Amino acid sequence: EQYLSPSGTIRHLMISEVGYSSSISEEAQAASIAYAYTRAASFPEIKGFILFRDIDNEYEVSQGLANGLKRADGSVKLAYQFYQAIGTPTWSQYDTLYKQITGYTLQDSIQHHYSRTGWEIEEENES
């Protein structure tokens, strides 16, 4: 009840300052953004999803933090392409790549509340 509005309805919220670094890999960054955006969109109470950076900051990159959808020189990363395609008919061409990165389709990730500490693809046991 403490999270309801004074009138007793569910509060709406915006998620801001979301950031995933491409320092480990651009593929992991792209998959993380696609998952987070799609997961947030599955809650009607969430009315906004704002990424922290559209373009990498050179100082932050030198410290190992590369949150931009574009590199400091303006060239696009895979995350930019994923972000543009999420929720559109063109997403299907990226979902195959998402599955290569994570081992799951984006829809499967959302349905099963997929969460791991990393994006490594684990080998299946064949026993």
Within the set of other residues whose C-beta is less than 12 Å from the C-beta of F52, count the net charge using Lys and Arg as +1 and Asp and Glu as -1.
-3
Exposed-loop-free span, longest in the chain, where trypsin sites (Lys or Arg not before Pro) count as exposed if DSSP calls them loop and at most 13 other C-beta atoms lie within 10 Å:
12-115
Modelling each spin label as a point 7 Å along the Cα-to-Cβ direction, I'd like the V18/A72 distance in nm, to one decimal.
2.6
Evaluate Rg over Rh across the chain, taking Cα atoms for both radii and Kirkwood's formula for Rh.
1.03
Under a 1.4 Å probe, counting only protein heavy atoms, V61 has an accessible area in Å², nearest 10, of 70
Charges at C-beta only: +1 for Lys and Arg, -1 for Asp and Glu. How large is the resulting dipole of segment 29-118 about its Cα centre, in Debye rounded to 20?
160
May I ask you to derive the relative contact order of the chain, considering only C-alpha pairs under 8 Å and at least 6 residues apart, and to give it as an integer percent?
23
Do any chymotrypsin sites (Phe, Trp or Tyr not before Pro) in segment 36-80 lie in a DSSP loop with no more than 13 other beta carbon atoms within 10 Å, and if so, which?
none
If contacts are Cα pairs under 8 angstrom and at least 6 residues apart, what is the relative contact order of segment 1-67 in percent?
41
Per-residue [θ]222 nm for the chain (sum of -39500 (n - 2.57) over DSSP H runs n ≥ 4, rounded to 500)
-10500 deg cm²/dmol
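The values are calculated or read from the model by the stated rules, or taken from the named source; none is laboratory data. Owing to the predicted nature of the structure, the values given are computational and were not obtained by experimental measurement. Here the Cβ is made from the backbone with ideal geometry for all residues, glycine too, and neighbour counts use every protein chain on show. Side chains included, ligands, DNA and RNA excluded: accessible areas come from the protein's heavy atoms. Shrake-Rupley method; radii C 1.70, N 1.55, O 1.52, S 1.80 Å.
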